[in-house]
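Here is the structure we will look at, set down as structure tokens.
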Amino acid sequence: TKQAVRGCLYVVAELNGPPADRVRVSERILSTLQRTYYTVKGGQGVVLAEAMRSAEHVLRDYNEAHPEAPMEGSIAAVALLRSRVMIACSGAALALVRERQRVEVFPGDSSARGEGRSHDLARWELQPGDVALIAGPAWPDRVPLRTLASTVAYVERDTCEDAAAGLREQGGGLDAPGLLLVFEAAQRTDSP
């Protein structure tokens, strides 16, 4: 199927604007991302970049139609295809990635996050034990980046749920979108 060829797509979208429109616009953004990612032809990077452009276009269209109450948006997407992982972030969204015991913040220049930049892409080859945290801008505003990085550095499959609960507690019950992924080796299902 087209989905099997493209792998899995995980998205976090955080919108700030009129509450009555946030759900509708976020659903359009997510639908556009998914439809574009699974239908456009090309390599994984080309497809994810086009999906992000399409999602950013939804937000731009909304703001052009509602200049009196524009909506700010941040989107982070993780595309997982076999052992390849690609992350795209736009607005003030960010990702923290633990790759072979090293934690990196993406995009790397936190001072530039959200300043009119379009999406950024990062990719890596997945190893068992790698971790990714994708989050909207509310997370680093409420939980220190050092705490987020420490969580990513030490979380394991068995502690993932506790780590997510701990981050929410540190954020004062923060109910903002985020996704904590711990990657492991694929399980073979063809053996008896």
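The values are calculated or read from the model by the stated rules, or taken from the named source; none is laboratory data. Predicted, not measured: the structure shown is a model, and the values here were computed from it. No Cβ is skipped: glycine too gets one built from the backbone with ideal geometry, and neighbour counts run over all protein chains shown. SASA here: full protein model, heavy atoms, side chains in, ligands and nucleic acids out. Shrake-Rupley method; radii C 1.70, N 1.55, O 1.52, S 1.80 Å.
What the table below lists for this structure:
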| read-out | value |
| --- | --- |
| Length released on extending from Lys41 to Ala149, taking residue separation times 0.36 nm less the Cα-Cα span | 35.4 nm |
| Length gained when the stretch Leu179-Glu125 is fully extended (0.36 nm per residue, less Cα-Cα span) | 17.5 nm |
| At R0 = 45 Å, FRET efficiency that the Cβ-Cβ distance of Gln101 and Glu68 yields, to 0.05 | 0.35 |
| Prolate/oblate/rounded call for the chain, Cα gyration tensor, a/c under 1.5 rounded | oblate |
| Mean accessible surface per residue for segment 46-88, computed with a 1.4 Å probe while every protein chain stays in place, in Å² | 42 Å² |
| Helix-only CD estimate at 222 nm, as mean residue ellipticity for the chain, using -39500 (n - 2.57) per DSSP H run (n ≥ 4) | -12000 deg cm²/dmol |
| Rounded if a/c under 1.5, otherwise prolate or oblate - segment 1-106, Cα gyration tensor axes | oblate |
| Thr39 - accessible surface, heavy atoms, 1.4 Å probe, Å² rounded to 10 | 80 Å² |
| Relative contact order [Cα under 8 Å, 6+ residues apart], segment 122-191, whole percent | 53 percent |
| Carbon plus sulfur fraction of accessible area for segment 1-101, probe 1.4 Å, in percent | 54 percent |
